[in-house]
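Below is one structure; the comments refer to it alone.
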Amino acid sequence: MDNTVCDPSLLFISEEEWLHEEMRDKFLSLLLSHLQEIDRYRLTRLYWSHELEAYLWTHPQLPPWRRDRDWRVRLVPIIVRLFNANRTILEGCEAVDVCAVEPGMNWKGSVTKAGPCFLCLMHLVMQRSETVFLCLGTGNLGVGPEGFRFRCDCHGPNLKPVLVKDPADWVGHVRPEIDLWPANHEEAARFEEAIKLTAKRRLGKGEGDLLYRIQMGPEWMADVVAVNAQRRELLGALAKRLIKSQAQATRDHGLKDEPVRGDAGVRRFRVTKETRVHYRYTDRATIKLLRFYDAGEHDAGL
């Protein structure tokens, strides 16, 4: 998982732009959409510093959305919930100098004051020899395809972050079998997101193409949390089953969907030659996933 550094113009905006309704709306839409996608997928941590934190919350010249009472009441709880929950403070930024960036980044008003703190943070990232995402704000969306290069005289080579301009770009970096795999039984919604993303990427099928809703019981979730080697295969088989009718799944040579002998109402389909998913219908449009039998585990009826 690569970490992310935020362009200051993602969180800071000049007074002039804030008072311009169209610019303000664009700024807020971009900021909130990025934070929502980052929180949704949790595939990255946002690098931040104490110095940038001060400009956001305690500096005498706060961003306009912090000074405007009506906007402050609306935005601060959202920022705290989405931004603070996904950030990591890097210690030591005060001990490094600013690095250089080419081409120059576009900052205005209060954003300009936060700029040097951002360049110190990037210098610290270079010191750590990390590859990072750079999440761009409205001021720098127009950068060319070559992006930005950060350099200094004390570390090499130059740092060229992976740019993220559009909030919709985050999903392209998500690895369903890693980033969305549930860590406990309470993350069923996360696993469902992994199935839907797999259906979209591998099968070209959106949520509207899925023929069934899914439910997941505690035994199913316990089985899934423990899976390591067959994650990609399991997601692929589940996605395929959800876009096929019962008759189609039965005829499919990969799934080979069939009833489980001696267990009324329970069916199964193949993930691999040695692994199976057991399920039942709770209604005509809902499948309840019951168990995943890994290689070497007992699958009744085989």
| said: Let me make sure I get this right: for the range 173-274, a, b and c are the square roots of the gyration tensor eigenvalues over alpha carbons, sorted descending. Under 1.5 in a/c it's rounded, otherwise prolate if a/b > b/c, else oblate. Which is it? | reply: oblate
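Could you work out the relative contact order of the chain? I mean the mean sequence separation of Cα pairs under 8 Å and 6+ apart, divided by the number of residues, in percent.
15 percent
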| query | Using the per-residue mean of other Cβ atoms lying within 10 Å as a proxy for protection, in what order, highest first, do the peptides 54-62, 193-201 fall? | reply | 193-201, 54-62
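Starting with the fewest neighbours, write out Asp283, Asp252 ranked by other beta-carbon atoms found within 10 Å of each beta-carbon.
With the fewest neighbours first, Asp283, Asp252 line up as Asp283, Asp252.
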| Is the shape of the chain rounded, prolate or oblate, going by the alpha carbon gyration tensor and its root eigenvalues a ≥ b ≥ c, with a/c under 1.5 for rounded and a/b larger than b/c for prolate? | prolate
| FRET E, pair Leu211, Val171, Förster distance 35 Å, beta-carbon r, rounded to 0.05 | 0.95
| request: Rank the residues Phe292, Phe150 as a footprinting-exposure proxy: fewest other Cβ atoms within 10 Å of their Cβ go first. | output: Phe150, Phe292
| task | Could you pull out the pairs from Lys200/Lys256; Lys244/Lys288; Lys196/Lys288; Lys205/Lys273 whose alpha carbons sit more than 20 Å apart here? | result | Lys200/Lys256; Lys205/Lys273
| Could you work out the helix-only [θ] at 222 nm for the chain, with each DSSP H run of four or more residues adding -39,500 (n - 2.57) and the total divided by the number of residues, to the nearest 500 deg cm²/dmol? | -11500 deg cm²/dmol
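Values in this text are rule-based calculations from the coordinates and carry no lab data. In this text, all values refer to a predicted model and were calculated from it rather than measured experimentally. For neighbour counting, all protein chains shown are included, and Cβ atoms are generated from backbone atoms with ideal geometry for every residue, glycine included.
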